Amino acid sequence: MESPEKWDNLVKSQHGHPLQLFGWGEVKKSTNSWQVAHAVRANPKDASADFAQILIRQTPLGRFGYIPRGPNLTDEFLQELRVVAKRKNLFMLRFEPNVAQDNWHIWRTKLKTPRDHILLSKTVQLDLTKSADTLLAEMDSTTRQNIRRGERNSALQIRPATAADLPRILEIYHQTATRSNFPLHPDTYYQSIFQNMAAANHLFVALVDNTIEAFVWCIKTPAACFELYGGATSLGLKHRANYLLKWQAILAAQATSKIYDLNGLLNDGISDFKRGFSAHVDGHSTETLLAPTSDLVLKPFRYFLFSTLLPLAKRLFKARRT
């Protein structure tokens with residue numbers, strides 16, 4: 001593409017996901033681990049276009065490509081991506097599209113489904129075209145009660161974050177990671193997101209007695225507002241600040257996006273918290289099942305080593321450390 005602005009205009013006009021924005025590619029490049037390529041195929045029948053931002057990484061087995069929350073593939077665009085992948089000397093190209101599994105047909109015959117993944121296919125996506133009253137009424141009753149309790153809490157304040165808030169946000173994220181035992185990127189990675197995503201950032205903080213005690217960080221396009229990170233201090237959790245905080249972020253996203261994606265569900269407490277915001281039917285949360293991680297294989301032997309032996313080596317290494 002000729003410019004970041006032209007690429008982002010394409011992504012936004014064609015209902016693309018925020019992980020396809022030009023700035024996300026710049027974030028990944030800032031780690032010195034990834035390169036970026038762009039592919040576009042105009043549809044001759046109308047004004048639409050197929051597009052993909054491809055993240056490329058070097059491994060001991062060669063180069064692979066990854067398209068996070070990319071296109072709903074057509075046969076024609078898959079062929080175009082195959083050409084790009086060969087030109088870039090990739091041994092595989094991985095897709096994790098923002099497409100419901102029932103609408104992802106091409107993977108059944110043209111692509112392989114690996115054992116591992118980067119993004120989770122099971123998530124909660126809220127329909128932001130619904131009214132605020134409807135979204136609230138459809139939530140789990142405990143979640144709704146905690147939101148109402150937060151609204152009555154005079155010590156609690158929710159507002160958009162500023163650049164000056166970033167050190168405190170990262171401090172809280174470190175506390176959250178230690179408490180929940182998950183790894184973090186270096187702080188420079190999150191600083192790069194803040195800078196490179198610019199207008200796409202959808203970042204809110206919760207203050208208790210004028211001190212930031214929780215945050216939720218999303219990125220957005222007209223198609224989707226996508227949660228990246230969130231965290232809270234012990235005091236923030238005591239005040240249930242994360243409930244009102246997420247709700248205010250959801251309400252603010254109604255002005256910009258069609259869906260709010262809570263980004264992945266596991267069987268843990270964080271996922272139970274997310275499920276509380278989903279539409280409930282007969283007491284059960286409504287979840288979204290996106291298309292599975294799917295790989296276009298270009299060099300079968302290297303792909304075999306990558307998909308079979310490399311995960312085994314990682315498991316053995318992890319076992320030795322524990």
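Scanning for something open to solvent by less than 10 Å² (accessible area, probe 1.4 Å), within 27 Å of L312 (Cβ to Cβ) and among the β-branched types (V, I, T), does the range 56-76 turn up at least one residue?
Yes, there is a match, as at least one residue in the range 56-76 is open to solvent by less than 10 Å² (accessible area, probe 1.4 Å), within 27 Å of L312 (Cβ to Cβ) and among the β-branched types (V, I, T).
Among the candidates A200, A155, A132, which residue alone is open to solvent by less than 70 Å² (accessible area, probe 1.4 Å), under 26 Å from L55 (Cβ atoms) and touching a Leu at 6+ places or on another chain (Cβ under 9 Å)?
None of the other options fit; the residue is A200.
Which of the residues that make up the range 79-129 are in a loop (DSSP other than H, G, I, E, B), open to solvent by 70 Å² or more (accessible area, probe 1.4 Å) and either of a type in the set (A, V, I, L, M) or modelled with pLDDT of 95 or more (or both)?
K88, N89, I118, T129
Can you name the number of the only condition in (1) over 22 Å from Q191 (Cβ atoms); (2) modelled with pLDDT of 95 or more that N43 fails?
All conditions pass for N43, except number (2).
Among the residues of the range 291-308, is there at least one that is surrounded by 14 or more Cβ atoms within 10 Å (Cβ to Cβ), touching a Lys or Arg at 6+ places or on another chain (Cβ under 6 Å), at pLDDT below 95 and farther than 19 Å from L90 by Cβ?
no
Surrounded by fewer than 20 Cβ atoms within 10 Å (Cβ to Cβ) and at pLDDT below 95 - does that describe any residue in the range 248-264?
yes
For the range 208-230: of the residues being open to solvent by 10 Å² or more (accessible area, probe 1.4 Å) and either of a type in the set (G, A, S) or touching an Asp or Glu at 6+ places or on another chain (Cβ under 9 Å) (or both), which is farthest from E171 (Cα to Cα)? Can you show your working first?
As a first pass, look at the range 208-230 and keep what is open to solvent by 10 Å² or more (accessible area, probe 1.4 Å): 209-213, 220, 222-223, 227-230.
From what is left, the residues that are either of a type in the set (G, A, S) or touching an Asp or Glu at 6+ places or on another chain (Cβ under 9 Å) (or both) are 212, 223, 227, 230.
Numbers: I212: 10, A223: 31, E227: 19, G230: 12 Å.
Here the residue is A223.
Only one of (1) surrounded by fewer than 16 Cβ atoms within 10 Å (Cβ to Cβ); (2) among the hydrophobic types (A, V, I, L, M, F, W, C); (3) assigned to a strand (DSSP E or B) is not met by A47, so which one is it?
(3)
The values are calculated or read from the model by the stated rules, or taken from the named source; none is laboratory data. This is a predicted model, so every value here is computed, not measured. Because the Cβ atoms are built from the backbone with ideal geometry, glycine has one as well, and the counts that use them run over all protein chains shown. With ligands, DNA and RNA removed, areas are computed over all heavy atoms of the protein, side chains included. Shrake-Rupley method; radii C 1.70, N 1.55, O 1.52, S 1.80 Å.
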